[in-house]
Amino acid sequence: MATSGEGRIGHAAFPREVTRRRFLGAAATTGTLLLPHDRACGYAANEQLQVAVVGLGGRGSDFAVEEGWSSVRQQMGGRIAALCDVNKTKAAASFERYPDIPKYEDFREMIDQMGSKLDAVVVATPDHVHAAPSALALRSGLHVFCEKGLTRTIQEARTLAELTVEKKRSTQMGNQAGYNERVIENVWAGRLGEIQTIHMWGGPGAGPRKAPSGTHEVPDYLNWDLWLGPAAYRPYHPEWMRHSMWRDFSCGHPGWWGAHLWATLFKAMKLETLWPIDQQPPAAGPKTIRVTAECCEVCELTFPSASIVHWDIPARLDMPPIRISWYSGGREPEKRRRDYLRELFGKRPQWGSVEDKRWSNWVGNLWVGTEGLMYTFGHGCTTMEMFPEDKFKNVGDPPQSLPRPLPGRFLRGWVQGMKEGLPPMGCFNAFSGPFTEWYLLANIATLFPDTTLEFDPVTCRITNNEDADRQIRAPYREGWTL
């Protein structure tokens, strides 16, 4: 454990680290290497990236193993230089694996004391403590990888996108597969005709719950105040730590599974062009996104057990307006989705049947065009099937309209952004920030059912409902800042 006596070491004392940090930062910003290509790549390859991990329970522990698809050492050629977690029990295996490196409970102390010795930070905490360490790391000149869902609130996502541009660092959201270029290029090639609507379905929320009550002692292995982070203080109760079901601590299904399942459609439908990217006006011009929810109940503390959310997306670039609908849990959403399928296949029986087992998968996306439909499923829509099957059986690959190679996925893409200046697939500014803002609108809409909310992606405001607009920028409690 590093002690407070170490203080923050000045840059002048570590010229080698400063040289590396400046090199990596400049490359990630400009896309053009500061040194001749052979010298720059050789220099970068010979420097071992110094990486800290914040959050070591669950997914976080995978970054600190010696080998594995999430291993910092194996996938990045990096070195674990510091570890941070508020829960000693969950962190125990990772802490024991690296006995000689500094370990912390508070990421603020870690970055203050270790920042000049680090190149990058991986954030794998619960959703409500994603934004604060990511923002502090960026402000300290560090590259940031943050697990999905990127942030709990829309304002947090906007802040991380702006900091990525301001601080010129490589950033990546950890939705692993990113998006599927083949799906996107099939859409852009017009093989399905004009996409008229997209239907998505997935699991339920926790439904109505009361706040946990009763007196419980904080376990000696847990720093409860730091676990709460910027969220409003409340007495410890183990039920709060089932964080995925509570609005104060989670993105819900949109941030957990939607971050995997919806990234491809966000890119294919060119939705990011509605947002200001790199502090430039949106390519599609000023537009309004309208979002409407239908719910079986309003759950202020949790997420409804059944809901349907519709995004009405305006025209952008060469694409007409489109409605995107998400059916979440419950009998009524499932009935409505089935009714739509019956109507669709009743009109076009050659496209398929509602009895097809693919439509019974617990999650999926149905893309409906004028010339056919497409089913996608899996991380980054790795499963893709087009209908009518006879028509698309031997269609082959679509023409390439995305660059090859695509900006990198996951950890290797993040490192490529540091060393070569290529923005990663899930960079906060050009993709995952706008993407997160879009899907988090669903969570706000379920608090105001049967009300159409109008969101302006330029000003980052809901313009027709003050109560809903306040949900965009939830306050941080005293002592915490974004």
So, first residue surrounded by 17 or more Cβ atoms within 10 Å (Cβ to Cβ) in segment 334-350, second residue not in a helix (DSSP H, G or I), Cβ within less than 6 Å, six or more apart or across chains; the pairs are R337/W201; R337/Y327; L341/V354; F345/G352; F345/S353; F345/V354
Every listed condition ((1) on the phi < 0 side of the Ramachandran plot; (2) in contact (Cβ under 8 Å) with a residue 60 or more places away in the chain; (3) in contact with a helix residue (DSSP H, G or I) (Cβ under 6 Å, 6 or more places away or on another chain)) holds for D278 save (1)
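Being within 18 Å of the chain's Cα centre (by Cα), over 23 Å from V51 (Cα atoms) and among the hydroxyl-bearing types (S, T, Y) narrows it down to one of T376, T370, T382, so name that one.
T382
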Selection status of L118, touching a residue at least 60 places away in the same chain (Cβ under 8 Å), within 24 Å of G479 (Cβ to Cβ) and either of a type in the set (S, T, Y) or buried (at least 24 other Cβ atoms within 10 Å of the Cβ) (or both): no
Note on G421: of the conditions (1) surrounded by fewer than 17 Cβ atoms within 10 Å (Cβ to Cβ); (2) farther than 22 Å from G255 by Cα, unmet is (1)
Those residues of segment 363-413 which are in contact (Cβ under 8 Å) with a residue 60 or more places away in the chain and more than 30 Å from F345 (Cα to Cα) amount to Q400, S401, L402, L406, R409, F410, L411, R412, G413
- prompt: Taking S244, is it open to solvent by 30 Å² or more (accessible area, probe 1.4 Å), of a type outside the set (F, W, Y), part of a helix (DSSP H, G or I) and on the phi < 0 side of the Ramachandran plot?
  reply: yes
Taking segment 52-94 and keeping residues under 22 Å from the mean Cα position of the chain (by Cα) and assigned to a helix (DSSP H, G or I) leaves R59, G60, S61, D62, F63, V72, Q75, M76
Among residues of segment 138-157 being more than 12 Å from the chain's Cα centre (by Cα) and more than 19 Å from Q416 (Cα to Cα), the residue least open to solvent (accessible area, probe 1.4 Å) is S140
In the set E217, E272, E297, E239, the lone residue that is open to solvent by 50 Å² or more (accessible area, probe 1.4 Å), among the acidic types (D, E) and either at pLDDT below 95 or not in a loop (DSSP other than H, G, I, E, B) (or both) is E239
Selection from segment 97-108 of residues over 23 Å from the mean Cα position of the chain (by Cα) and either part of a helix (DSSP H, G or I) or surrounded by 24 or more Cβ atoms within 10 Å (Cβ to Cβ) (or both) yields R97
Only unsatisfied item for T288, checking (1) more than 16 Å from G202 (Cβ to Cβ); (2) open to solvent by less than 20 Å² (accessible area, probe 1.4 Å); (3) hydroxyl-bearing (S, T, Y), is (2)
All-but-one check, D112 against (1) open to solvent by 10 Å² or more (accessible area, probe 1.4 Å); (2) more than 23 Å from T164 (Cα to Cα); (3) out of contact with any helix residue (DSSP H, G or I) (no Cβ under 7 Å at 6 or more places or on another chain), failing number (2)
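The values are calculated or read from the model by the stated rules, or taken from the named source; none is laboratory data. These figures come from a predicted structure and were not determined experimentally. Positions of Cβ are backbone-derived with ideal geometry, glycine not excepted, and every protein chain shown enters the neighbour counts. Areas reflect the complete protein model, heavy atoms only, side chains present, ligands, DNA and RNA absent. Shrake-Rupley method; radii C 1.70, N 1.55, O 1.52, S 1.80 Å.
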